[in-house]
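The next block holds one structure in the form of structure tokens; read it before the comments.
Please treat every number below as a calculation from the coordinates, not as lab data. Everything numeric here is computed off the predicted structure, so don't read it as measured data. Using ideal geometry, Cβ is built from the backbone for each residue, glycine included, and neighbour counts are taken over all protein chains shown.
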Amino acid sequence: MQGLFCILICWVVGNAVSYLIDGYVSGNIIGMLLMFICLKFKVFNPEAVRPVAKFLLGTMALFFVPFGVGLMVSYREILDNTAAIVVATVVSTIAVIVGAGWVFQLLNRSKR
Amino acid sequence: MIETIINSDIFLLTLTIALYLLGGAIFRRTHIVFMHPTLLTAAAIIAFLSLLDIDYATYREATSIIDFALGLAVVALGYLMYEQSEKIRGREKAVFAATLAGTVIGLLSVVLIAQAFGTEREIITSIAPKSVTVPIAIAVAEPRGGLVAVTSVVVFCTGILGSIIGPTVLSMSGVKDPLAKGFALGAASHGIGTARAIELGAIEGAMAGLAMALTGVATAVLFPIVEKYLY
């Protein structure tokens, strides 16, 4: 229960901050950062948060189902843009793998 | 009477969870990525709704509690970040730079290529956060007018793609450092890439999980800027 409270309070404060910055970043993402900060600075007890967090993260795949079902109304948009979506996704995915891999390797090596 | 029950919120919600449990059982038996419980469940629900002529809005409304649970899960990702943050001591510079590189390259390349195809704004917004984990991608795309169904599908496919071609692309481009490999997989292909990285080794897996969380945050912060100035 305490863990759920920690999550909710982060979300509530996150929503308030999101409102103040005009929705630039959504409230749940700010809540995620607050959760990280509160754990890091020992405001929350990680042991109390762990069970709820593990349950939510473990069940997360279920939470996407309604979005997937949304395909029944928006499949047209995908079909109409197949070429753009496929090319952009494939090229970009390769670019991210190479870019992130190179940068990490370069800086991790120069450190030692 | 049957019609009233079938159209009720609690029935549609229970059906979704029942199908998800069934999908999970099928996935554990077959272990084929395209038999993912989320995909199986969504496909079965679409078939059910079409057959009984129930519209999507009714279904969305009935399952609105799931949206709430997803919001909680996004906050819970902060716990995952905390767990993994212990593992980067002394590598902050590499982690920070690679997060930035991965996020900027990912956002710019998708947006520019889609623009070159003359794609509408709505679709560009939907596919821009393709490399980050679904809950964050939705939290990024939805408030800015993206189609969440398109986002979920593209994010899922990016995850599969990266986990299949990732190791080959990495060795072809001369990335040998196991930490860099793990990080790249998580940065490009979120949770599915992380699962692949765990197969490569524990340290690769840890780096991938960290990369997934950090690129998620970086994408949430940087995407509004890209959206404002690029298209």
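Where q = 0.25 Å⁻¹, what log10 of I(q)/I(0) comes from the Debye formula for region B:1-67, counting one point per Cα?
-1.08
About its Cα centre, what dipole magnitude does the protein assembly as shown give when the only charges are +1 on Lys and Arg Cβ and -1 on Asp and Glu Cβ, stated in debye to the nearest 20?
Rounded to the nearest 20 debye, it is 1540 debye.
Can you divide the C-alpha Rg of region A:1-63 by 2.2 N^0.38 Å and report the result to two decimal places?
Relative to the rule-of-thumb radius for its length, region A:1-63 sits at 1.14.
Return the average number of partner chain Cβ atoms within 10 angstrom of each residue Cβ along peptide B:87-97.
The shielding value for this peptide is 3.
How many times 2.2 N^0.38 Å is the alpha carbon radius of gyration of region A:68-112?
Against the compact-globule rule of thumb, the ratio is 1.87.
How charged is the neighbourhood of B:A188? Take every other residue with its Cβ under 12 Å from the Cβ of B:A188, and add Lys/Arg as +1 and Asp/Glu as -1.
+3
Would you tally the net charge around B:L179, using a Cβ to Cβ cut-off of less than 9 Å, leaving B:L179 out, and scoring K and R as +1, D and E as -1?
Cβ neighbours under 9 Å give a net charge of 0.
Equivalent-ellipsoid semi-axes (√(5λ), Cα gyration tensor) for the protein assembly as shown, whole Å, largest first?
31, 24, 20
Could I have the simple spin-label model distance between B:I32 and A:Y24, label points 7 Å from Cα toward Cβ, reported in nm to one decimal?
4.7 nm
Using Cα-only point scatterers and the Debye equation, what is log10 of I(q)/I(0) for chain B at each q in 0.09, 0.10, 0.16, 0.18 Å⁻¹, rounded to two decimals?
So the normalised log intensities are -0.42, -0.52, -1.19, -1.38.
Once you keep just the Cα pairs under 8 angstrom separated by 6 or more residues, what percentage relative contact order results for chain B?
Rounded, it is 17 percent for chain B.
Hey, any idea what the orientation-averaged projected area of the convex hull of region B:73-126's Cα atoms comes to, in nm²?
5.0 nm²
For A:D22, B:D9, B:D177, what's the fewest-to-most ordering of other Cβ within 10 Å of each Cβ?
Ordered from fewest to most neighbouring Cβ atoms within 10 Å, A:D22, B:D9, B:D177 come out as A:D22, B:D9, B:D177.
Given labels modelled 7 Å from the Cα in the Cβ direction, how far is it in nm from A:F55 to A:V13?
Here the answer is 2.3 nm between the modelled labels.
Under 18 Å Cα to Cα from A:K42, which lysines show up? Leave out anything in the same chain fewer than 8 places away.
B:K87
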